[in-house]
1. Among the residues in the range 262-282, are any under 23 Å from Lys135 (Cα atoms) and at pLDDT 90 or above?
2. Which residues, counting only those in the range 112-165, are among the β-branched types (Val, Ile, Thr) and part of a loop (DSSP other than H, G, I, E, B)?
3. Here are the criteria: (1) touching a Ser or Thr at 6+ places or on another chain (Cβ under 7 Å); (2) outside any loop (DSSP other than H, G, I, E, B); (3) polar (S, T, N, Q). Tell me which single one Thr11 does not satisfy.
4. So Asp344 passes all but one of these: (1) farther than 25 Å from Gly263 by Cβ; (2) within 23 Å of the chain's Cα centre (by Cα); (3) charged (D, E, K, R). Which condition number does it fail?
5. Scan the range 15-30 for residues that are surrounded by 15 or more Cβ atoms within 10 Å (Cβ to Cβ) and part of a loop (DSSP other than H, G, I, E, B) and jot them down.
6. Give the residue that is nearest to the chain's Cα centre (by Cα), with candidates limited to residues of the range 407-461 that are small (Gly, Ala, Ser) and in a loop (DSSP other than H, G, I, E, B).
7. Any idea how many residues of the range 395-406 are in a loop (DSSP other than H, G, I, E, B) and of a type in the set (Gly, Ala, Ser)?
8. Looking at the range 183-200, is at least one residue outside any strand (DSSP E or B), more than 22 Å from the chain's Cα centre (by Cα) and either acidic (Asp, Glu) or within 30 Å of Ser243 (Cβ to Cβ) (or both)?
Amino acid sequence: MAVEFFDNLFTSENQVEDLDARVVALPIERLVTTKMNQALVAPVTPDEIRHTVFSIEPTQAPGSDGFTANLFLSFWDIVGPLVVEAVGSFFVNGKLLRSVNHTWITLIPKVEKVETMRQLRPISLCQVIYKIISKILANRLALVLPTVVSPEHNAFIKERQIVDNVLIGHEIMHYLKIKTKGYMALKVDMEKAYDRVEWPFLLSLLKRLGFGAQWVQWIHECISPSSFSIMMNGMPAGYFRPSRGLRQGDPLSPLLFVLCTEGLTALIKKAVLERRLTGVRVSPRAPRVSNLFFADDSYMLVQASMQQCENLLQVLGEYEELSGQRVNLDNSAVCFSRNVLHEDCVAMAARLGVGELGVQDKYIGLPTLISRPKSETFRFLEEKLLQKLQGWKQRHLSWAAKETLLKSVAAALPVYVMACFKLPVTLCRRLDKYIAHFWWGGSIDRVHWMSWRKLCRSKQEGGLGFRRFEQFNQALLAKVGWRIIQDPNSLLARIYKGKYFPN
């Protein structure tokens, strides 16, 4: 059953006859220069191969040969020359042995109780030799992506951060909430996004962006594995040849998927240029935004009208046809400006085939809408921390173990949220209180022999170096401000400047 499902999933469904011509017609600039192409296909040196091998996680994800990177690291003096020769032969001949490119797939549940195959995530266990080749290509490609990928996409791009997407998304949602102009934000989730990427579309897109023929050929050889087997009860089962999809677990896949989404960005840009779609502008001096991407999570931002709904569906339909992607309607939702009539909201949501965005919905892991009181929105942080502390109370932990857990786990739980939002002071103090109670014995009536404020001092000053959440929150937000000052041309900086300090 599993083999049949994933065989069908990795089998190409659509054959677009005029694919190259349609990709060429997209408003995409050839941003990859001759100098970049020369750097991408430069000869691979033994030092580069060795550095790549030693950067691979040594004990994770053994391939179909049963080896992890730890074997190569431990016996590099013996196997190193052979590895350099094997990897170097790919960059000379441009071909991979079928045995090297055979991949096992292990199935990881997405939910606690799995009922369908769609609730399993296929993670590819690639051989170490292939991982070395793929990681070399990924390291080189990562240097080019900041120039090639549009500013609306912040996943896996050097010097770009997930925080930018969160802040821009919330700025736009706030605009929809308080302004009277009719706009809508469609939160789009792609179903089995990596597994449905059509190889011809991706390769054609690479050529359109300006990547050289040799680089495109290397990528083609890497993304087209010779065969798959599914791991069932610890043993490989089945054998099938894929004709589409990117392997989750391949170092190249996240970067190639980002490039794939440039096709959707180009289709949206084309519709905007033809005035079929109109993006959102949070202030007269801020740039207009039509889409936001973070991997397979995205926002489409257009005027709230039935005509623009039709145009947006046409854009998504064309992208699905070209790339093989499919919108997951169950996980997608739409939000409207406050002045849009309720019956119009219902009609447009029905036409799009999605529900309306709720307070409980999240975008890249954070609440989409901030309700009042704010402490209710961020109550999940309190619940997560208490759950962790309750589990630790069952153990007999030394002072050193407590210190390590509190610093490395408990203090890290709210970091992502605090990097985006200012938490209520009362919530920060409650989090501090829970950690202090756990430190001194786990119950409220235990004596605290030193104040938490003093324990948060550095060890040189007589404390233990714990962090107070309120101050740490301010420091993380200050870091965002520093990034805006350092990179005034980023999309986040331009939106904030246009709205809050235009002069």
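1. Scanning the range 262-282, I find at least one residue that is under 23 Å from Lys135 (Cα atoms) and at pLDDT 90 or above, so the answer is yes.
2. Within the range 112-165, Val114, Thr116, Val149, Ile157 meet the criteria.
3. Thr11 satisfies all of (1) touching a Ser or Thr at 6+ places or on another chain (Cβ under 7 Å); (2) outside any loop (DSSP other than H, G, I, E, B); (3) polar (S, T, N, Q) except (2).
4. Asp344 satisfies every listed condition except (2).
5. Matches in the range 15-30: Val16, Leu26, Ile28.
6. Ala419
7. Of the residues in the range 395-406, 1 are in a loop (DSSP other than H, G, I, E, B) and of a type in the set (Gly, Ala, Ser).
8. Among the residues of the range 183-200, at least one is outside any strand (DSSP E or B), more than 22 Å from the chain's Cα centre (by Cα) and either acidic (Asp, Glu) or within 30 Å of Ser243 (Cβ to Cβ) (or both), which makes the answer yes.
The values are calculated or read from the model by the stated rules, or taken from the named source; none is laboratory data. Please read these numbers as outputs of a predicted model, since none were measured by experiment. Ideal geometry is used to build each Cβ from the backbone, glycine not excepted, and the neighbour counts take in all protein chains shown.
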